[in-house]
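All remarks here apply to the structure that follows.
The values are calculated or read from the model by the stated rules, or taken from the named source; none is laboratory data. What you see is a predicted model, and the numbers here were worked out from it, not measured in a lab. Ideal geometry is used to build each Cβ from the backbone, glycine not excepted, and the neighbour counts take in all protein chains shown. Remember, those area values only see protein heavy atoms, side chains included, never the ligands or the DNA or RNA. Shrake-Rupley method; radii C 1.70, N 1.55, O 1.52, S 1.80 Å.
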Amino acid sequence: MEQLTERKGQEEAVTDKEKAVPEKEKGTDWFLGNIRDAAQFLTGCWMFLMLTVFPLYFGNKYHEIGGYKFSFFSGASTLLLIPAAVLGAVVLAGKVLERKRTAWRGEISPVDMGVLLYLAASVLSYVFSAFPKDAWEGVGGWNMGLRTQLLMGASYFLISRFFPWKKAKGKSRIGLGGKLLFYGFFAGSGITFALGVLHRFGVDPLGMYKGIDSSYQILFLSTIGQATWYSSYVCTVFAIGICIFFAAEDQKIRIFSGLYCVLGFMTLVTQNSDSAFASLALLFIGLFAAACSSPHKMERFLEVVILGAASFKAIGFLQWGFADRALELGKLSTFVSRGWLSWLLLLCSSGCLIWLLHWEEKKGEAVREAEWGKTGKMLRRICLIAVLAAAVLVLVLIAGNTAGLWQKWFGITFRNQYLLFNDKWGSDRGFTWKISAEIYAGLPWLQKLVGVGPDCFQVYSYSIPEFADRLYQYWKPDILTNAHNEFLNLLICTGMAGLVSFLSLFVLGVRRFYRAWGQNRCGGEREKETWPALLILAGMLCILAYAGHNFFCYQQVCCTPFLFLIMGLAESAARLETRLN
């Protein structure tokens with residue numbers, strides 16, 4: 001009897017212990033869940049401010065607008081992003097302690113690794129910089145020093161882990177908070193685009209040009225400021241609208257996103273920066289590769305091209321109809337809007353779409369799917385070969401023309417501004433790139449590896465008498481603040497380590513997002529795309545568009561934070577599908 005009583009007591013003790021463990025775990029889960037919700041709320045608020053308010057925010061019109069933009073970014077990040085990062089670190093620590101092993105390492109994706117490597121290279125560059133204050137703050141006006149780099153990296157990790165998804169009917173959908181973010185994005189960027197178009201026709205509803213000489217109006221537009229800053233912003237965020245128009249099946253969403261895309265294409269062709277067309281070309285190449293997955297997606301790609309070409313031509317007609325108000329743009333912008341290129345794109349894409357629709361109607365679904373699999377792969381290969389061949393051809397033409405080989409061998413000299421690489425090439429980028437290469441070549445070996453400090457191009461180059469004299473003579477009274485090529489600028493500022501890590505981030509991002517989109521989009525070719533699939537594709541296109549534009553530009557607060565923001569969205573969507581959350 002005593003043994004039975006003792007055994008019963010032991011069983012009750014075990015039962016109490018088993019009950020106690022779930023209660024403890026429940027308490028931990030409740031605590032971490034609330035911390036996660038708080039981090040998610042703060043991250044969402046930061047995203048809303050950046051997507052909706054930041055593009056429209058300015059102080060004294062265009063005077064020091066870059067400083068005002070950075071103050072907004074810095075203030076919002078200090079108020080929201082840094083506390084969210086602290087809370088996020090608590091959640092991560094809780095996960096590590098809960099698992100008691102290194103399972104958390106499996107949560108690090110290739111894109112995460114790329115961001116971490118780039119941040120590590122930036123920190124290393126700062127540590128060895130001879131200009132710690134400049135390396136921390138960066139050049140006044142865009143301030144892309146280590147402080148901003150760390151904030152952008154934090155935004156990527158917070159968004160990729162805490163974007164507000166919800167599950168409904170077995171699919172991941174955007175909750176109310178996510179919808180508010182995208183409503184705000186379309187409002188903020190759409191108004192910014194519209195103002196950019198109006199400014200090119202002399203309509204200034206906000207009085208931004210008051211007190212500015214008319215000769216400077218071509219250099220500034222909308223509420224972003226300098227034309228190249230504006231084009232970099234447009235090229236970075238435009239991918240989201242294009243992806244929604246490309247993949248959505250709901251007619252209301254397609255009409256709304258189509259109107260947004262019209263504004264985007266119109267402002268791209270009027271912003272007057274040639275680098276925007278390089279960006280748009282890479283975006284279209286990426287979209288074409290994604291469209292090769294099915295005939296229906298190819299239809300959508302052709303519709304995007306038709307919409308773009310029609311928007312370009314509509315601007316051309318407006319420039320003709322309001323010739324007295326339209327600002328005179330550069331040769332390339334004028335050629336795209338008024339020349340034969342937009343007609344050619346419109347006719348060719350319309351003809352291809354009509355043929356594709358006829359082919360789909362003629363073929364049965366089973367035959368269509370079987371035949372298109374091989375066709376899509378072949379089209380991707382053709383596109384890749386054509387892009388590589390075009391790049392090699394352009395380089396050969398420029399090199400041969402600059403060296404005088406075509407004149408010597410064939411008696412031909414190209415006077416085109418794009419095919420003669422001299423000091424004036426690309427709005428003086430020829431001189432800037434050559435002296436930047438000389439600056440890097442003259443660096444000590446340690447600086448060749450880690451650079452002179454984040455955003456320290458100006459302070460270093462003007463500290464070397466040889467380079468300072470040449471820069472003063474060429475640019476006076478202006479000051480050259482960067483290499484006007486983001487990759488060359490990174491090579492000098494963060495060294496080979498920074499450049500390789502940044503390029504790796506781009507390659508890993510495109511590879512991951514392209515594969516994730518191909519694997520995780522909905523099954524049927526006319527099924528509705530899920531929001532995760534849309535954002536994954538937007539991440540890939542954003543990287544391509546940003547790389548194309550900033551090959552001729554540089555990091556600044558009006559565009560680079562949006563690159564990390566959109567990559568964070570795409571990574572968040574990819575993690576949903578691969579169960580990394």
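Put simply, of Ile255, Ile191, Ile242 the only residue that is crowded, with 19+ Cβ neighbours inside 10 Å, of a type outside the set (Ser, Thr, Tyr) and either free of Cβ contacts under 8 Å to residues at least 24 places away in the same chain or in a helix (DSSP H, G or I) (or both) is Ile242.
Under the condition of being in a helix (DSSP H, G or I) and either surrounded by 12 or more Cβ atoms within 10 Å (Cβ to Cβ) or in contact with a helix residue (DSSP H, G or I) (Cβ under 8 Å, 6 or more places away or on another chain) (or both), the residues counted in region 311-331 number 10.
Please identify the pairs in which a residue from region 325-348 that is without any contact (Cβ under 8 Å) to a residue 24 or more places away in the chain has its Cβ atom under 7 Å from the Cβ atom of a residue that is assigned to a helix (DSSP H, G or I) and among the aliphatic types (A, V, I, L, M), counting only partners at least 6 apart or on another chain. Taking only residues 6 or more apart or on different chains, the pairs are Phe335/Leu341. Checking the stated criteria, Phe551 turns out not to satisfy the condition of being at pLDDT 95 or above, among the aromatic types (Phe, Trp, Tyr), open to solvent by less than 40 Å² (accessible area, probe 1.4 Å) and under 17 Å from the mean Cα position of the chain (by Cα).
Within region 258-275, identify whether any single residue is out of contact with any helix residue (DSSP H, G or I) (no Cβ under 7 Å at 6 or more places or on another chain), open to solvent by 10 Å² or more (accessible area, probe 1.4 Å) and acidic (Asp, Glu), and answer yes or no.
Kept after step one, since they are out of contact with any helix residue (DSSP H, G or I) (no Cβ under 7 Å at 6 or more places or on another chain), are these residues of region 258-275: 259.
Remaining after also requiring open to solvent by 10 Å² or more (accessible area, probe 1.4 Å): 259.
Now drop any that are not acidic (Asp, Glu), which leaves none.
No; the residues of region 258-275 include none that is out of contact with any helix residue (DSSP H, G or I) (no Cβ under 7 Å at 6 or more places or on another chain), open to solvent by 10 Å² or more (accessible area, probe 1.4 Å) and acidic (Asp, Glu).
Within region 391-406, does at least one residue satisfy the condition of being modelled with pLDDT under 90, open to solvent by less than 70 Å² (accessible area, probe 1.4 Å) and under 28 Å from the mean Cα position of the chain (by Cα)? No: zero hits. Hey, among the residues in region 148-169 that are on the phi < 0 side of the Ramachandran plot and without any contact (Cβ under 8 Å) to a residue 24 or more places away in the chain, which one's farthest from the chain's Cα centre (by Cα)? The qualifying residue farthest from the chain's Cα centre (by Cα) is Ala168.
Take region 199-240 and flag every residue that is of a type outside the set (S, T, N, Q) and touching a Gly at 6+ places or on another chain (Cβ under 7 Å).
Leu221, Gly225, Tyr230, Val234, Phe238
Selection of region 426-452 for residues being open to solvent by less than 30 Å² (accessible area, probe 1.4 Å) and on the phi < 0 side of the Ramachandran plot yields Gly430, Phe431, Thr432, Ile435, Ser436, Ile439, Leu443, Val450, Val452.
Restricting attention to region 168-177, does a residue exist that is in a loop (DSSP other than H, G, I, E, B) and either open to solvent by 60 Å² or more (accessible area, probe 1.4 Å) or among the β-branched types (Val, Ile, Thr) (or both)? Checking region 168-177: at least one residue is in a loop (DSSP other than H, G, I, E, B) and either open to solvent by 60 Å² or more (accessible area, probe 1.4 Å) or among the β-branched types (Val, Ile, Thr) (or both). For the structure I just gave you, tell me whether Lys476 is charged (D, E, K, R), free of Cβ contacts under 8 Å to residues at least 40 places away in the same chain and out of contact with any Ser or Thr (no Cβ under 7 Å at 6 or more places or on another chain). Here the answer is yes, as Lys476 does meet what is asked.
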